[in-house]
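The values are calculated or read from the model by the stated rules, or taken from the named source; none is laboratory data. Keep in mind the model is a prediction, meaning the values are calculated, not measured. We place every Cβ from the backbone using ideal geometry, glycine too, and count neighbours over all the protein chains shown.
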Amino acid sequence: MRFAFRTVGVVAVWLLSTPALATSTGITGQSGKEGPACNMCHKGGPTPTVEFQGPTTLAPGETGRYSFIIRGGAAKIGGVDIAVDNAAAVLQAGEGLKKLGSELTHSAPKAFNGNELRFDFSLVAPSTDVTLTLFGAGNSANADLDSGGDKPAATKWSVNVGKGSPDAGSGSPDAGSGGTGDEGDDDKGGCSTTGGSPVWMLAMAGTFLALLCRRQG
């Protein structure tokens with residue numbers, strides 16, 4: 001019976017750690033576009049600043065070049081999630097990024113250059129006049145493979161395509177580029193979900209324990 005409990009403990013730890021390991025090669029849905037970015041993951045480190053750089057106006061169908069920049073924080077490695085709020089706009093990955101669905105994320109944890117980490121990408125504008133919003137969240141991590149001592153932040157950036165939307169603003173960047181410091185991804189470049197493990201993982205662990213107990217009986 002002791003062996004059974006020891007074994008299920010190992011399995012449970014493995015199951016709980018799997019999401020964290022998976023995010024080392026990127027994650028989506030954490031840019032801040034659909035609500036708060038991953039604000040339950042990483043806390044305790046110094047707060048970084050994040051910002052977009054690039055044109056605030058594009059012609060319909062034009063391709064613009066942009067950068068998402070993380071400065072400060074633990075400043076060892078980091079990751080990013082970038083999204084746009086218009087389905088007709090297309091994001092194109094630059095070096096160190098990859099496309100997952102309609103979003104861009106890191107292909108692997110990326111090392112800081114001094115106090116700065118830069119991800120370059122392109123945006124292909126829709127063929128009609130509209131105002132777009134880019135959303136981005138980035139994490140500045142200390143590379144110790146633990147979520148403590150890291151800090152994420154998020155921001156957004158407006159782009160007028162053509163004349164923009166009639167009821168939109170000037171297309172200027174969002175003033176809150178520093179983010180909240182509670183959004184972003186994990187120490188390995190993604191947003192660890194070990195703090196909120198899915199129910200199916202616990203169910204698998206319970207089933208495994210029941211089978212072991214039956215075998216021991």
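Determine the pairs where a residue that is closer than 20 Å to THR131 by Cα, located within segment 70-85, has a partner that is assigned to a loop (DSSP other than H, G, I, E, B) and among the basic types (Lys, Arg) with Cβ atoms under 9 Å apart, the partner being 6 or more residues away or on another chain.
As it stands, the answer is ALA83/LYS33; VAL84/LYS33; ASP85/LYS33, since those pairs meet every condition given.
Which of the residues belonging to segment 77-86 are of a type outside the set (Val, Ile, Thr) and at pLDDT 95 or above?
First, the residues of segment 77-86 that are of a type outside the set (Val, Ile, Thr): 78-79, 81, 83, 85-86.
Answer for segment 77-86, where residues must be of a type outside the set (Val, Ile, Thr) and at pLDDT 95 or above: ASP85, ASN86.
Checking PRO166 against (1) at pLDDT below 95; (2) in a strand (DSSP E or B), which test does it fail?
Of (1) at pLDDT below 95; (2) in a strand (DSSP E or B), only one is false for PRO166: (2).
Yes or no: SER140 among the hydroxyl-bearing types (Ser, Thr, Tyr), touching a Phe, Trp or Tyr at 6+ places or on another chain (Cβ under 9 Å) and either within 19 Å of GLY54 (Cα to Cα) or buried (at least 23 other Cβ atoms within 10 Å of the Cβ) (or both)?
On the way: among the hydroxyl-bearing types (Ser, Thr, Tyr): yes; touching a Phe, Trp or Tyr at 6+ places or on another chain (Cβ under 9 Å): yes; either within 19 Å of GLY54 (Cα to Cα) or buried (at least 23 other Cβ atoms within 10 Å of the Cβ) (or both): yes.
So SER140 fits the description; yes.
Determine whether segment 41-55 contains at least one residue that is out of contact with any Cys (no Cβ under 7 Å at 6 or more places or on another chain), modelled with pLDDT of 95 or more and surrounded by fewer than 17 Cβ atoms within 10 Å (Cβ to Cβ).
yes
Against the condition over 13 Å from the mean Cα position of the chain (by Cα), more than 26 Å from GLY149 (Cβ to Cβ) and not charged (D, E, K, R), how does GLY45 come out, does it pass?
Details: over 13 Å from the mean Cα position of the chain (by Cα): yes; more than 26 Å from GLY149 (Cβ to Cβ): no; not charged (D, E, K, R): yes.
The answer is no for GLY45.
Could you identify the single residue in SER127, SER102 that is without any contact (Cβ under 8 Å) to a residue 24 or more places away in the chain and surrounded by fewer than 24 Cβ atoms within 10 Å (Cβ to Cβ)? Outline the logic, then answer.
Numbers: SER127 fails: without any contact (Cβ under 8 Å) to a residue 24 or more places away in the chain.
From the options SER127, SER102, the qualifying one is SER102.
Name the one entry in GLY178, GLY189 that is modelled with pLDDT under 90, in a loop (DSSP other than H, G, I, E, B) and touching a His at 6+ places or on another chain (Cβ under 6 Å). Full working, then the answer.
On the way: GLY178 fails: touching a His at 6+ places or on another chain (Cβ under 6 Å).
Every option except GLY189 fails the conditions.
Run down SER67, SER17 and say which single residue is among the polar types (S, T, N, Q) and at pLDDT 65 or above.
Criteria check complete, one pass: SER67.
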